[in-house]
Every structure is written in structure tokens, then in C-alpha cells.
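Please read the structure below before turning to the comments.
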Amino acid sequence: MMNRLSILLTLVFGFLLTFSCTDLQEDLVGDVTEDISIPGIVSGGGGGGGDALSSAFAELRNTGTAYHSGYYSVQELTSDEMVIGAKGGDWFDGGILIQLHQHTYDATHGFIGGTWNSHYAAINTCNELLESGLDANGEAQIRALRAYFYWRLMDLYGNVKIVTSTGSDAPQVGRSDVFSFVESELLAALGVSEISAGMDLSGSALDEGTNEYRINRYAALGILARVYLNAEVYIGTPMYDKVDIATSYIIDSGIYQLCGDGCSVPNLGKRPDVASDPAELEGYRAIFAANNEGNPENIFTVEYDEVNAGGMNFAMMNLHYSSQFTYNFDSQPWNGYATLEEFFNSYDAADKRRDASFLYGPQTDFGGSAILDFAADDDDIVLNYTPQINELAPNYLREAGARPAKFSYKLFGRSEMDNDYPIVRLGEVYLMRAEARARAAGDWNQAIPDVNLIRARAGVSPYTSLDADEFLAERGREMFAESMRRTDLIRFGEYNGTWWEKPASDPHVNIFPIPFDAIQASQTASFPLSQNPGY
């Protein structure tokens with residue numbers, strides 16, 4: 001009886017979802033898959049946390065690192081990577097998604113307000129733990145994690161409050177003060193006063209272990225390198241030499257390796273009767289697989305698990321309603337996020353990352369038969385993800401846009417996914433070093449050696465010459481869907497430019513507005529918030 005009820009509820013809600021607001025978040029986890037066994041399919045995504053620090057690291061999930069309406073959304077939907085079009089009333093959502101795409105957001109935008117609130121909640125959790133009494137390693141990790149959350153706030157909102165104890169308030173400060181705080185906290189965790197050539201990190205309370213769900217010395221260095229990479233944007237002072245030192249320390253340690261040929265995991269999305277589905281996911285695909293825990297490239301990741309650590313909903317966010325039948329998901333996807341055609345076309349046809357990152361073309365079900373969309377709004381009912389998108393609104397075609405699939409889907413998946421999400425991985429570390437060396441020398445060809453390591457894995461020809469535009473394009477291909485594109489576009493001076501259905505925008509939008517509700521609530525506090533310029 002319970003099985004039948006679960007299935008019925010899933011179908012009813014799926015039917016309603018097709019014709020209603022796609023923000024519906026389904027928590028219906030039925031028993032539909034419990035008696036089904038497919039070789040290689042397992043439940044759960046691997047073990048991580050479970051220690052005294054778990055509550056703080058769980059905040060990486062709670063801030064929307066891989067979820068709709070949080071950090072991931074404001075980083076990706078404001079960029080030239082992804083879009084959510086209005087399909088009639090479906091996904092219009094009061095125009096807030098169009099506002100992100102066209103950079104017309106204001107202080108009342110729900111995603112911007114929610115992201116602010118969730119990050120301060122995360123910081124409060126860190127403060128609570130620091131006040132509870134931790135050993136030296138725990139304190140260093142939580143200070144570094146809190147610094148990472150403050151880096152996000154600095155990058156998103158610019159002028160924020162640095163609150164370091166519970167139940168207290170603090171004055172709003174400018175980016176330079178936040179930058180100094182983030183830098184000093186990460187340096188303290190590393191046990192040094194500055195990043196310098198030949199530095200000795202043996203005095204750091206952070207260890208050199210490889211638990212990717214916690215912050216070790218290399219994770220802290222990776223976060224610090226990212227802070228320094230954007231220093232010219234944040235405080236007007238380039239710090240590319242420090243990026244070079246920090247990234248080289250990670251690379252030269254030899255602890256982490258690029259996941260290339262021979263680095264593979266079983267493909268949990270392989271359909272038994274579909275010969276074209278590979279049995280293994282190798283190289284770039286393996287880094288982001290549903291069973292990617294322990295990947296040698298990942299330095300610091302967010303742990304996700306469909307049962308115990310939810311918050312990654314890419315299958316729901318990205319796929320057409322009928323793609324439920326490809327993987328036999330227990331819930332119907334929402335048909336939201338898609339990739340802009342120009343971004344999709346920036347990949348060479350031979351680039352392994354293209355097929356690893358997107359679903360496109362005609363779609364088939366669990367048995368390999370064509371999936372039909374009987375509510376299709378074009379002349380063909382066969383579900384076909386077309387890279388071309390007809391319009392942003394109001395009649396965005398239901399199947400338009402290649403769909404993000406970098407974080408691969410597994411058979412019988414629930415609405416929560418198992419794929420761990422990288423915060424720091426070696427591939428980006430190489431790209432940060434490459435960019436730092438190019439900018440320091442004023443010559444983009446200095447980036448070629450490190451970039452070509454990345455391109456070799458992707459199966460595309462090496463560069464013999466390089467400029468800023470091509471480097472940005474290559475970084476985009478490698479870092480797609482890793483919540484870096486907005487930050488990258490700003491650093492390269494491209495965020496205010498034009499792309500599909502997005503006009504030129506004013507530079508004041510490079511930092512988000514301080515949320516209206518936060519300003520209102522602060523008026524009775526010791527230190528009221530003030531709005532960022534231009535809003």
C-alpha cells in the first residue's frame with residue numbers, strides 16, 4: 001500500500017509541476033526503487049563529516065552551493081553560462097530570473113536576500129563553534145571556513161559587517177577591510193604572517209591529510225589564492241605573485257593529481273540496455289560523478305548525499321520533466337536551467353568536456369527508446385535538447401537549450417544527488433597559476449604551459465599562442481557550473497558587456513545590493529546598514 005501511495009503521489013505532483021510554478025521542491029522519497037537492483041548502483045555518496053565540525057561544514061550546503069535560489073544561482077544565472085527562460089507562466093516567477101540574467105536586480109530580489117541571510121547564518125554557526133572550545137586544528141579549520149564565507153560576501157556584496165562573535169553587532173566596512181580580515185584569518189590558519197617563496201607551513205594547526213570534506217593546508221592555500229587572484233578587483237592592488245606562490249606550493253606537493261586517463265569510476269547512470277552509455281566515467285567526467293568521493297584532483301569539496309546530506313538538486317533544476325524516464329528518477333524534474341547557445345558553441349567538437357558537461361540532442365528513456373513530450377510547443381514531440389534557444393520570455397520552448405550535466409546523474413536517483421561539489425580542485429589551481437603568471441608578466445603566452453595540461457586532458461590541441469579572451473573562454477570551459485563565472489567575468493572586465501538577451505549593464509551591478517530587508521532590520525541595531533552605490 002505504501003509503495004502504491006508513494007508512486008501515486010509522485011505522479012500527481014509531477015503532473016502538477018508541468019503546469020505550475022517550477023519552484024516546487026519535492027521531498028517525496030518513495031519506496032519505488034527499494035526492490036530494484038542494478039549492478040553498480042548504490043545508495044549514498046560516501047562518508048565524510050560526523051565530527052564536532054560537521055555543523056559548520058554543513059553550512060556549505062545550506063548556503064545553496066548546489067541548489068536553486070542560493071549562491072549557485074546568483075553566480076551562474078547572472079553570467080553567460082546559464083539561463084532560465086519563462087515558458088509561459090512556468091518559471092516566470094515574477095520576473096526575478098530575467099532580472100538576474102539582464103542585471104536589473106535590486107535590493108528586494110529574493111535570491112540576493114536569501115544568499116545574504118544564509119551566509120550570515122553560516123558565519124554565526126562558525127562563531128558558535130569557535131566559542132564552544134575547539135582544539136587547535138578545529139579552530140584553524142573553522143576560522144578558515146568562516147573566512148571563505150566572508151570571501152563570498154565580499155565578492156557578492158562588497159561592503160558588509162564582520163561579525164566574529166555570537167549575539168553581537170559590528171559596523172559595516174568596505175571591501176578593503178573585509179579583504180584584510182579574510183587574508184589574515186587564512187594566514188593565521190596556515191601559521192604564517194604572509195605568503196612568501198620558501199615559506200614553512202610546519203607550524204600550521206591545519207594538517208596535510210586528504211579528507212576532502214575538511215580544510216587542510218592545501219585547501220586554505222587554494223582559497224587564499226582565489227582571494228589574491230581577485231585582489232585587483234577588491235582593493236585595487238594586484239597580488240599575482242602571491243597567487244603564483246600559493247598555487248605552486250599545492251602543485252609541487254605532488255599530493256593531488258589531475259584526473260585523466262585511467263582515473264575512472266563506475267558509471268552509475270549506465271542504462272543496462274543502452275550500449276552507448278559507457279560503463280566507466282573517466283578523466284574529467286569522473287571528477288564530478290555521483291561517486292566522486294576520493295577523487296585525486298579534489299582538494300576541498302562539499303559533501304552531498306541523497307539521504308544524509310541533501311541540497312544538490314541539479315537533476316531537478318536542469319532537466320525536462322520527461323527526462324525522469326531516462327534515469328527512472330523518483331521525482332519529476334523542473335525543466336529550469338539551460339546553457340546559452342554561444343557558451344555551448346565555445347567548445348570544440350573534439351573537446352571531451354562538452355559531452356561531459358551537457359545533455360543535448362534527442363533524448364531516450366531507460367530502455368533507449370525516444371522520449372516523447374506530448375505537450376511540446378514545437379512541431380516535434382520527440383524530446384530534443386537543442387543548443388538553440390528561441391527567446392528568453394514569454395514563450396521559451398520547453399526543450400530549448402543544452403542542459404547542464406557535468407555533475408552526472410545516476411539511475412533511480414532521488415531529488416537529492418550524491419555528487420560531491422568541489423570548492424578547490426587541482427584543475428583550477430593550475431588555471432589560477434597560469435593566469436597569475438600571465439598577468440604578472442603582461443604576456444598571456446606565459447599561461448600556456450599550465451593551460452595546455454588542462455587541454456591535453458580535454459583531448460584538444462595545445463595552444464601555441466594565447467590572449468585574454470581565449471584564456472577566459474578556456475577557463476569557462478574547464479570551470480563550467482562551478483560557481484566561478486560571474487567572478488571571472490568581473491575580473492576580466494566582461495560582466496557589463498552584452499550577450500544573448502542581455503544588454504550592457506552599469507558597473508555598479510558588479511556588486512549586489514545590500515538586501516532591503518537586512519537594511520530595514522538593522523535600523524534598530526547598533527550599526528545600521530547602508531546601501532551600495534547605484535541602488
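Assorted remarks:
- Near pairs, Cβ below 6 angstrom, 6+ apart or cross-chain, from the stretch 209-233 (at negative phi and modelled with pLDDT under 95) to any residue that is buried (at least 22 other Cβ atoms within 10 Å of the Cβ) and assigned to a loop (DSSP other than H, G, I, E, B): G209/N216
- Among residues of the stretch 420-433 that are more than 15 Å from Q446 (Cα to Cα), those with a Cβ under 7 angstrom from a residue that is β-branched (V, I, T) and in a helix (DSSP H, G or I), sequence gap 6+ or separate chain, pair up as V424/I223; R425/I287; G427/I454; V429/T247; V429/I250; V429/I251.
- Test: residue in the stretch 463-477 that is in a loop (DSSP other than H, G, I, E, B), without any contact (Cβ under 8 Å) to a residue 40 or more places away in the chain, in contact with a helix residue (DSSP H, G or I) (Cβ under 7 Å, 6 or more places away or on another chain) and of a type in the set (S, T, N, Q): yes
- Selected residue (criterion: farthest from A140 (Cα to Cα)) from residues of the stretch 47-60 that are modelled with pLDDT under 85 and surrounded by fewer than 18 Cβ atoms within 10 Å (Cβ to Cβ): G47
Yes/no matrix, rows are residues, columns are (1) in contact with an Asp or Glu (Cβ under 6 Å, 6 or more places away or on another chain); (2) under 18 Å from D80 (Cβ atoms); (3) modelled with pLDDT of 95 or more; (4) not aliphatic (A, V, I, L, M):
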position: S323; (1), (2), (3), (4): no, no, yes, yes
position: P333; (1), (2), (3), (4): no, no, yes, yes
position: N345; (1), (2), (3), (4): no, yes, yes, yes
position: A349; (1), (2), (3), (4): no, no, yes, no
position: R354; (1), (2), (3), (4): no, yes, yes, yes
position: F358; (1), (2), (3), (4): no, yes, yes, yes
position: D365; (1), (2), (3), (4): no, no, yes, yes
position: D379; (1), (2), (3), (4): no, no, no, yes
position: Q388; (1), (2), (3), (4): yes, yes, yes, yes
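- Qualifying residue in the stretch 501-519 (condition: of a type in the set (V, I, T), touching a strand residue (DSSP E or B) at 6+ places or on another chain (Cβ under 9 Å) and in contact (Cβ under 8 Å) with a residue 12 or more places away in the chain): yes
- Near pairs, Cβ below 7 angstrom, 6+ apart or cross-chain, from the stretch 287-307 (farther than 16 Å from G262 by Cβ) to any residue that is among the aromatic types (F, W, Y): F288/F407; I299/Y218; I299/Y256; T301/Y213; T301/Y421; V302/Y421; E303/Y213; Y304/Y421
- Residue in the stretch 222-229 that is under 20 Å from T487 (Cβ atoms) and among the charged types (D, E, K, R) present: yes
- When A197, A188 are checked against the criterion of being hydrophobic (A, V, I, L, M, F, W, C), loosely packed, with under 15 Cβ neighbours inside 10 Å and either closer than 25 Å to F512 by Cα or free of Cβ contacts under 8 Å to residues at least 60 places away in the same chain (or both), a single residue qualifies: A197.
- Considering the stretch 247-300, the residues that are among the polar types (S, T, N, Q) and buried (at least 19 other Cβ atoms within 10 Å of the Cβ) include one that is farthest from E208 (Cα to Cα), namely N267.
- Cβ-Cβ contacts under 9 Å between residues 6 or more apart (or on different chains), taken from a first residue in the stretch 240-259 that is closer than 13 Å to A219 by Cβ and modelled with pLDDT of 95 or more to a second residue that is hydroxyl-bearing (S, T, Y) and part of a loop (DSSP other than H, G, I, E, B), are listed as I250/Y256; I255/T210; Y256/T210.
- Just one of the listed residues (L9, L24) is modelled with pLDDT under 65, more than 19 Å from L153 (Cβ to Cβ), assigned to a helix (DSSP H, G or I) and of a type in the set (A, V, I, L, M), namely L9.
- For the stretch 301-338, the candidate set comprises residues that are under 27 Å from I223 (Cα atoms) and in contact with a strand residue (DSSP E or B) (Cβ under 9 Å, 6 or more places away or on another chain); within that set, the residue that is surrounded by the most Cβ atoms within 10 Å (Cβ to Cβ) is Y304.
- Residue in the stretch 406-417 that is of a type in the set (D, E) and within 26 Å of N292 (Cβ to Cβ) present: yes
- Criterion: over 16 Å from F57 (Cα atoms), without any contact (Cβ under 8 Å) to a residue 40 or more places away in the chain and among the charged types (D, E, K, R) - qualifying residue of D177, D106: D177
Residues are listed down the side, and each one gets a yes or a no for (1) touching a Phe, Trp or Tyr at 6+ places or on another chain (Cβ under 8 Å); (2) assigned to a loop (DSSP other than H, G, I, E, B); (3) over 19 Å from A481 (Cβ atoms):
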residue: L258; (1), (2), (3): yes, yes, no
residue: R271; (1), (2), (3): yes, yes, yes
residue: D277; (1), (2), (3): no, yes, yes
residue: L281; (1), (2), (3): no, no, no
residue: G311; (1), (2), (3): yes, yes, no
residue: D330; (1), (2), (3): yes, yes, yes
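- Search result, residues across the stretch 335-383 that are of a type in the set (G, A, S) and outside any helix (DSSP H, G or I): G336, A338, S346, A349, A350, G361, G367, G368, S369, A370, A375, A376
- Leading residue by the ranking (surrounded by the most Cβ atoms within 10 Å (Cβ to Cβ)) among those in the stretch 64-89 that are of a type in the set (A, V, I, L, M, F, W, C) and assigned to a loop (DSSP other than H, G, I, E, B): I84
- One residue from L187, L201 being over 30 Å from P507 (Cα atoms) and assigned to a helix (DSSP H, G or I): L187
- Filtering the stretch 415-430 to residues that are crowded, with 24+ Cβ neighbours inside 10 Å and among the aliphatic types (A, V, I, L, M) leaves M417, V424, L426, V429.
Conditions tested, residue by residue: (1) closer than 30 Å to D377 by Cα; (2) surrounded by fewer than 22 Cβ atoms within 10 Å (Cβ to Cβ); (3) touching an Asp or Glu at 6+ places or on another chain (Cβ under 7 Å).
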| position | (1), (2), (3) |
| --- | --- |
| W91 | yes, yes, no |
| I96 | yes, yes, no |
| N117 | no, yes, no |
| L134 | no, yes, no |
| A140 | no, no, no |
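- Lone qualifier among A456, A434, A438 - being surrounded by fewer than 23 Cβ atoms within 10 Å (Cβ to Cβ) and closer than 30 Å to N159 by Cα: A438
The values are calculated or read from the model by the stated rules, or taken from the named source; none is laboratory data. Remember, it's a predicted structure, so these values are computed and weren't measured experimentally. Note that each Cβ is placed from the backbone with ideal geometry, even for glycine, and that neighbours are counted across all protein chains shown.
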